[in-house]
There are 2 protein chains.
Amino acid sequence: MPLHCLIRQTRIILAPTRKSTGTHIVRRLLSQGKMEEKLVAVIEAKRFVRDCFLAAKVKEENSQAMADLLIEADFRGHFSHGMNRLEMYINDLDKKTTNGNIEPLIMNETPATAWIDGRHGLGVVVGNFCMDLAIRKAKAVGVGWTCAKGSNHYGIASWYTLRAMKEGLIGISMTNTSPLMSPTRSKEAALGTNPLSLGAPAANDDSFILDMATTSVAVGKIEMQKRKNEPIPMGWAQDPSGHATTDASVAFETGCLMPLGGEEVTSGYKGYGLGALVEIMCGIMSGSNYASNIRKWTHAGADQLANLGQCFIAVDPNCFAPGFEDRLGDFNQLLRNLPPSDPEKPVLVAGDPEKAHMAKVEQAGGINYHENQLKTCADLAERLKIKPIQFTK
Amino acid sequence: MPLHCLIRQTRIILAPTRKSTGTHIVRRLLSQGKMEEKLVAVIEAKRFVRDCFLAAKVKEENSQAMADLLIEADFRGHFSHGMNRLEMYINDLDKKTTNGNIEPLIMNETPATAWIDGRHGLGVVVGNFCMDLAIRKAKAVGVGWTCAKGSNHYGIASWYTLRAMKEGLIGISMTNTSPLMSPTRSKEAALGTNPLSLGAPAANDDSFILDMATTSVAVGKIEMQKRKNEPIPMGWAQDPSGHATTDASVAFETGCLMPLGGEEVTSGYKGYGLGALVEIMCGIMSGSNYASNIRKWTHAGADQLANLGQCFIAVDPNCFAPGFEDRLGDFNQLLRNLPPSDPEKPVLVAGDPEKAHMAKVEQAGGINYHENQLKTCADLAERLKIKPIQFTK
C-alpha cells in the first residue's frame, strides 16, 4: 500500500481469480520484471474508466460519474474501492443485474425526506441523485434525509459526504453490503461491512471526514497476513466454530469478520450494534434487501440483483450555533496537538491520511497502480476494445 | 450486577469516596450482615428521588422528570446512570452549577431543526424539551433535529430515543461528556465516553435500542478487575506512556480509556472517529464546551458549569418504505435465530438485555439495590431531611 491509512482501513488490491488473458504490453513489462507500480495521471485514469463504461453501453453522463467516483477513491488512497472494482461493475452490467442507463424515481417525499427507488441503476447514479436531493432539502428546511432501495454498490461512502461538504453542509452516508460479519455470539455472518461516513467542513480548508466499515478490519488485511504467513490479532475474524482466531488461513477460509471491538470482552457487541444501526437506516428503512438476504458480490459479477439500501443525510450547521467551521478547525487542531505515545506517530484526525495521499499524488503527477491492477485494466481494454491505459512514466 | 449486560456496558455502583454519615437503619442492617441487596418498588424509588429534588428546591415537574429518568435507568439495568448519580445531581444544584428551575430557550429554528440554549438547567429538562420538539418537527416534515448547548448530564441516552419510539418514530440521541478517552496515538484523554443511542420500534412490541459509549469499556469495569486483582484485556485502557496495559491498577490510576476497537492494530481509530463524530454533532454544532474543555464530574459535584452539548433526532419511518416495523421485527428475529458459537449464549439484539432486566424487576416486584447505593440514599435522606427509602422486603 502506498500509505498507511489510519482512519480508513486499507485493503490490498486483490488479484483477479479468473484465468487471465493479459495483453502484450503487460506481459512484456512483467517478463522484464520492470512492473511493480506504474504512474497514471488522474485524468487518464478517469478517461480509461469512462471509456470502459461507454463500451459497456452506459450513457456519457453516467460513465463520467463512475469515472469520477472510482478515481476519487484511488486519489484518496482507498485502492480497494477504485479501479480495483471496475471489472465487477462492468460484469454486473454484462449480466444485466445493473442497468447503466436508468434514472432513480422518487416514491414518496416530505419537506425533509424522500424515499427513492434506484431501479437497479448504478450505485453512483442513485447515490448522487439522493445526496443532491438531500442537499436541496437541507438548504430549504435545515435537514435532508433520503433513503434508496434498488441500489448497487456505491463506491466510497465519503464520495457522498464530500458532495454535501462542497455546499457547506455536513454530510452523512451509509450503505448495507453483502453478509461478511458475524454478530457477536454468532457462528455465521449475517451483516455486511456496513460502512458509514460523516464529513464536515472546517475553516481554512480543513475538514473532518470519517469513512469506516463497522467491522474490525477488511478481508484484504487478513489475506495480506496469510500471504506473509503471519498470524492475525485476536478480534479480526472467527474460525468455523465461531470463536476468534489468530490463524490467517483459517480466518480467510471461514470468511467471518468480527465487528469493530472484536470479541465480546472487548465490546464487539457495540460494533455489531453499529452494523445493525446501518442496516436499519439502509435496508429496513428503504425496503431493499437486508442482512443475509443480500447476494454475494465477486469479481465475476453476480446473477442476482443486489437491491441494496442506502441512506444520505445533509444538515446545515448554520441552523445551529454560528461559527461551526471555526470551532471544528479548533477541535481538529486540539486533537492533532495531543502528546503522542510515539513521537514518530502524531495524532491524526479522520481524513488526514487521505489528505496526505492526495498531496502525494499531486506531487508525483499521478496515481501509482500495482501491477495486478494494471494487468486487469489491460485485460479489460482488450475485452472492451478500448484504448489501453497510458502511463505517465 | 444483577445481569450480564450484553449491549450496554455494565458499570459497578461506586462507593461514595467522601466520609459517610449513614443512618441508623442502614447501620443496623449492615451490622447484622443482612444487607447485600434490598428490593425497592419502582414507585417508591421514584418517590424518593422526587423528594430529594423537591428538597433541593427543584419544582415539582422537574423533580418528577429526574425521578422518571433515573429510575428508568435502574429499571433497565443501567445502575451506573440511575440512583447511583442522584447525589451528583443534588451536589451540582447545591453548588449552583445546575439551575433546577430554568426552562430551555429556542435560539434559532427552521421547519426541521432547532438550536436550543439549555441555560444550565437539568439535563433531563433540556433533553425532554429538545426531543419533544424534534418529535413535533418529525411529525410535520419527516425529520426533527435539535441541538442544545448549556446542558448538563442527561442520564441514559436511550431515555430520549424511547420518547421518540413511543410516538412511532426512530429516535437518535448523543451527548458529549467529560474527557476520559485517549484518541488513538495520544498519551492524554481528550474526548469523553460520548455515548450515542438509536431506538426504533418493531412490530409485536419488539424494538431495537442501541445505547453505547464510544469507548471500549467504562471505568467501572476496570475498577472491578482491580478489586478482584485480575488483569484487564488489551484494548481497554492505557498506561501513562500511552500504551495499552493489562494492569488494572495502572489503568485505573491513569484514567485513560481506549476508544471502541482498542489499539490501532484492531482499528481503535474507528472508535476514536465515532467519539469525535459525537463531539461534532454535540459540542461543535451547539457551541457548548467540547473535548478537553469540559470539566470533570465527581460525586462531590463540580464548581464549574458543565455546558454540555447534546443532539436529538427524530425520524418518521413512514416517510420511507411502508412496513418498517414488520421488517425490523423480521430483522431482529433473523439475528436472534443465528446459530450461536456457545449454545448457552444466544445471539441478542440491542435492547434485549434491558428487556430481560425489566422482566426480572416486574417479577420481583421491585429493583434490587446494592448496599452501597442504599447507604448513599440513607445519607441523602438525612441530609435533605426527607423520608428514607422504604424496602419491599
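A few remarks follow.
- Shielded residues, region B:182-207 - accessible-area loss of 10 Å² or more between chain alone and all protein chains, probe 1.4 Å: B:P183, B:T184, B:R185, B:S186, B:K187, B:E188, B:A190, B:L191, B:L196, B:L198
- The simple spin-label model puts a point 7 Å past each Cα toward its Cβ; for B:R295 and A:E253 those points are separated by 6.0 nm.
- Heavy-atom accessible surface that B and A bury in contact, both chains counted, 1.4 Å, Å² to 100: 7500 Å²
- Ranked order, B:H153, B:H120 - accessible area, probe 1.4 Å, largest first: B:H120, B:H153
- Calculated FRET efficiency for the pair A:R227/A:R383, C-beta based, R₀ 25 Å, to 0.05: 0.35
- With R₀ set to 51 Å, the beta-carbon distance separating B:Q304 from A:A359 gives a calculated FRET efficiency near 0.80.
- Flagged links, alpha-carbon separation over 25 Å, of A:K296/A:K355; A:K57/A:K387; B:K46/B:K360: A:K296/A:K355
- The Cα atoms of the protein assembly as shown define a convex hull whose projected area, averaged across directions, is 31.5 nm².
- Comparing the full protein assembly with the isolated chain, the residues of region A:284-300 losing at least 50 square angstrom of accessible surface (1.4 Å probe) are A:I284, A:M285, A:Y290.
- Percent accessible area from carbon and sulfur atoms, the protein assembly as shown, protein chains only, probe 1.4 Å: 52 percent
- Comparing A:M234, A:M131, A:M358 in a Gaussian network model of chain A, where Cα atoms under 10 Å apart are tied by springs, the biggest mean-square fluctuation is seen for A:M234.
- Spin-label model, B:K59 to B:K345: label points 7 Å out along the Cα-to-beta-carbon direction sit 4.9 nm apart.
- log10 of Debye I(q)/I(0), alpha-carbon scatterers only, for chain B at 0.07, 0.08, 0.10 Å⁻¹: -0.32, -0.42, -0.67
- Judged by the gyration tensor of its Cα atoms, with axes a ≥ b ≥ c, region B:88-195 is oblate; a/c meets the 1.5 cut and b/c is at least as large as a/b.
- Sequence of A:R185, A:R119 when ordered by accessible area, the most exposed leading, probe 1.4 angstrom: A:R119, A:R185
- Compactness index (Cα Rg / 2.2 N^0.38 Å), region A:316-393: 1.79
- Computed with a 1.4 Å probe over protein heavy atoms only, the accessible surface of region A:65-186 comes to 24 Å² per residue.
- For the set A:V265, B:V125, the ranking by accessible area, highest first and with no ligand, DNA or RNA atoms included, is A:V265, B:V125 under a 1.4 Å probe.
- In this rough spin-label picture, where each label sits 7 Å from Cα along the Cβ direction, the B:A203-B:K95 distance is 5.2 nm.
- Interface residues of region A:314-338, defined as a loss of at least 40 Å² in heavy-atom accessible area between the chain alone and the complex of all protein chains with a 1.4 Å probe, are A:C319, A:F320, A:A321, A:F324, A:R327, A:F331, A:L334, A:L335, A:L338.
The values are calculated or read from the model by the stated rules, or taken from the named source; none is laboratory data. Computed from a predicted structure; not experimentally measured. Heads up, the Cβs are rebuilt from the backbone with ideal geometry, glycines too, and the neighbour counts pull from every protein chain shown. Note: areas computed on protein heavy atoms with side chains; ligands, DNA, RNA excluded. Shrake-Rupley method; radii C 1.70, N 1.55, O 1.52, S 1.80 Å.
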